[in-house]
1. Express in whole angstrom the spacing between the alpha-carbon centres of the range 220-278 and the range 1-30.
2. Relative to the Cα centre, what is the charge dipole magnitude of the chain, using +1 at the beta carbon of each Lys and Arg, -1 at the beta carbon of each Asp and Glu, and rounding to the nearest 20 debye?
3. I want to verify a result. In a Gaussian network model of the chain, Cα cutoff 10 Å, which of these has the top mean-square fluctuation: LYS36, LYS356, LYS156?
4. Treat each spin label as a single point 7 Å out from the Cα along the C-beta direction, and report the ARG58 to ARG260 distance in nm.
5. So between LYS364 and THR23, what do we pick up on full extension, going 0.36 nm a residue minus the alpha carbon distance?
6. Would you kindly derive the ³J(HN,Hα) couplings of the range 17-23 from the backbone phi angles with the Karplus curve 6.51 cos²θ - 1.76 cosθ + 1.60 (θ = phi - 60°), listing them in order in whole Hz, with x for Gly and Pro?
7. Give the order of ILE164, ILE342 when sorted by the count of other beta carbons within 10 angstrom, beginning with the fewest.
8. Taking a ≥ b ≥ c as the square roots of the eigenvalues of the Cα gyration tensor of the range 1-143, is the shape rounded (a/c under 1.5), prolate (a/b larger than b/c) or oblate?
Amino acid sequence: MTLNRLELDFFRNYLHAEAAFSTGVNVILGENAQGKTNLLEAVAYLSGAGSHRARYDRELIQFGVDHAFLKGEVFSRERNFVLEAKLHRGARRDLFSNGVRLKRSAELGEVFNTILFCPEDLSLIRSGAAERRGFLDDAICQLRPKYAAAVAEYRKLYEEKTRILRDWEEKPSLLDTLDDFNLRMAQVGAVIIRYRAHFVRRLAQMTPPIQADFSGGRETLSLRYETVSTVTDPEAGSKDILEELLQHQQSHRQAELDARQCLSGPHKDDLVVEIDGKSAKQYASQGQTRTAALSLKLACRELFREDTGEWPVLLLDDVLSELDTRRQSFVLERIDGGQVFISCCEEDKGIPNSGKRFLVKDGKLG
Ligand SMILES: Nc1ncnc2c1ncn2[C@@H]1O[C@H](COP(=O)(O)OP(=O)(O)O)[C@@H](O)[C@H]1O
Ligand SMILES: [Mg+2]
């Protein structure tokens, strides 16, 4: 799939911008704070109405203006789509595909998918489990709508149960519904665990060769899925997992009431990343961390292609310049095939020679 044209009005520091892109490599050049990341953020927004660095849509709207507009012409599944987003300060956004209003932002992801890699992604390796769960959830949601629905339901149940556990002493009647919530959470949790386990198994096959190539064969990466301790086989049937989750809940029931928070369930899952048998979170160097995070993202891109037959659009924000020449050429070879947007500072070494070039200056795209 490719983004062939993009039009922006009042998006971040772009008053108005229009561009036609290459279906291969697009190099976005510019000095700091000119709008390179903003441009990639706009592209990513069209794939799911989210942003890696904005919590609210209003942050994306130009200062002092009340609305913003994004329009992308996408080629995907052998068809053309026009995707549009209208953002309003103080009201919900409107999303359209070929002029038809979309009910859910996830519908954008049924047409257009992106994988972004940016310097902040080092936290994928370094931070707590929540980052890695988020990474897994994003990747699986793009591939499996049923998983997205399960994650959304689980989040609601979790919030409800958290409220029960927080307030039960003041309002003991809340406990009447606790068993129902526990059962439903275990049912949905079992679905989530199976999807995650299956995805991690494939990711664990796809990622190590990428990391090995990256490091010239010097580093061995391994991935492991960590979930609720009573689950013996996370890829087993949902019924088996359900039993094991209920068992764990039961043994933590009193502890949850005492702690007044949810202690049992896949909301604590982790993706354990090890390099040469040691925890990457604790021991990896800056360089190893960067390579491991990038290997994970590239592996997701390749899994996506395996499942759908299409390359998602790859967005590399300010990361190429951080790599040495050998690793840069490895990345450029590895990503050959799909469409990619690469942002770099003008003075960076190792800017790719190939592809179409754009210069970003003060919110203008040339
Ligand atoms: N909502 C907004 N309205 C106007 N300008 C914005 C908005 N959000 C960010 N900016 C501006 O965009 C610039 C940063 O752009 P960015 O794409 O991050 O730069 P870079 O080229 O370094 O990646 C900053 O000057 C910032 O003030
Ligand atoms: Mg930037």
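1. The distance from the Cα centre of the range 220-278 to that of the range 1-30 comes to 43 Å.
2. Magnitude of the dipole: close to 420 debye.
3. LYS156
4. According to this spin-label approximation, the distance is 3.1 nm.
5. Gain on stretching LYS364 to THR23: 120.6 nm.
6. Values per residue, Gly and Pro as x: 8, 9, 7, 10, 9, 6, 7 Hz.
7. Working: ILE164 20, ILE342 25.
If I rank by nearby Cβ atoms, fewest first, I get ILE164, ILE342.
8. Values: a/c = 1.26, a/b = 1.14, b/c = 1.10.
Rounded shape, in that the Cα axes give a/c under 1.5.
Each value in this text was obtained by applying a stated rule to the coordinates, not by laboratory testing. Everything quoted here is computed from the prediction, not taken from an experiment. Counting neighbours? That spans all protein chains shown, and the Cβs are built from the backbone with ideal geometry, glycine included.
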